[in-house]
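For reference, the structure discussed in these notes is given below.
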Amino acid sequence: MAEVFTNTSLVSSWLGHTQQHHHNQKLMVSKVAKSCSFPSLKLKSQALRSSPFSSEFHGKKPVFRVNRAISSRPRSQFPPSNGVQMTLRLGKVQKWWEKGLQPNMREVTSAEDLVDSLLNAGDKLVIVDFFSPGCGGCKALHPKICQLAEMNPDVQFLHVNYEEHKSMCYSLNVHVLPFFRFYRGAHGRLCSFSCTNATIKKFRDALAKHTPDRCSLGPTKGLEEKELLALSANRDLSFTYSPLQPAHSPANEEFATEAAPESLPLPSLTSKSESSEQRTLTTAGR
């Protein structure tokens, strides 16, 4: 019995010593953990606390909550556009005088283009429309002119931009806008007038009068002789014109004198700056 008791006491003392040793190790670990600082862990904890997202762990599944106090950006009312829509939006903006154009409508690029277009039209009716981008009457009348052009596909409509061809308009004596001139075959100029959206009847009447097909004898006339001479004498235009010389008959040759024939007087044109100061353009319907 004494030996058993002795062994039991030895075992209990060894167990007590082992438990005391483990307890001391736990105390030492806890003290070391408290005394040591981990900057990375602190930074992570601060970042999580300052973040609008907070997490709570229930068991093994994390649950994330959004802080509703932070204002979110308002959503756009329009759906995101694709590449094709962006390309169309960034394209060239169409001007008002470019809208509604018909196949029989085009813009004149130069004085030579205007002269050649009238000469090559033959017996077709040609309407020359003088306009300005800043003219309110021209802008209001443009949709109706496009409608009339669509209703009369056999009529050629030529547009002359006053802002781009001021010098040419001066030589053609165009000083009021909107302004129209009708040309046809050997008859040359048929009529010229100015009208607005309120007086569109004047344009309709002229179109109805000169639209029927007619056969004009002789070559196409186009611009008048004095207008061609004025264009060729204009230094701002790169246009040349040689006046037609009258044919001499054999009967008149014996009466011919040695004196040189009298040439037609050329219109005197001032410089571009002086002409802009002396001549003013009036627009109707503004």
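Brief remarks follow.
- Entries in Lys144/Lys209; Lys139/Lys166; Lys95/Lys226; Lys95/Lys209; Lys92/Lys139 that, when Cα-Cα distance is taken, lie over 26 Å: Lys95/Lys226; Lys95/Lys209
- Leu177 long-range amide H proximity, modeled H, under 5 Å: Thr282, Thr283, Ala284
- Along segment 157-163 the Karplus relation, 6.51 cos²θ - 1.76 cosθ + 1.60 evaluated at θ = phi - 60°, assigns HN-Hα couplings of 10, 10, 9, 10, 7, 5, 5 Hz to successive residues, with x for each Gly and Pro.
- If R0 is 30 Å, the Cβ-Cβ spacing of Lys144 and Cys215 corresponds to a FRET efficiency of close to 0.50.
- Amide H contacts of His159 (H built 1.01 Å from N, under 5 Å, at least 5 apart or other chain): Arg106, Glu107, Val108, Asp129
- In this Cβ point-charge picture (+1 for Lys and Arg, -1 for Asp and Glu), segment 104-226 has a dipole of about 520 debye about its Cα centre.
Here, each number is a calculation from the coordinates, and none is a lab measurement. Small disclaimer: the values here were computed from a predicted structure and weren't measured. Every residue, glycine as well, gets a Cβ built from its backbone with ideal geometry; the counts of neighbours run over all protein chains shown.
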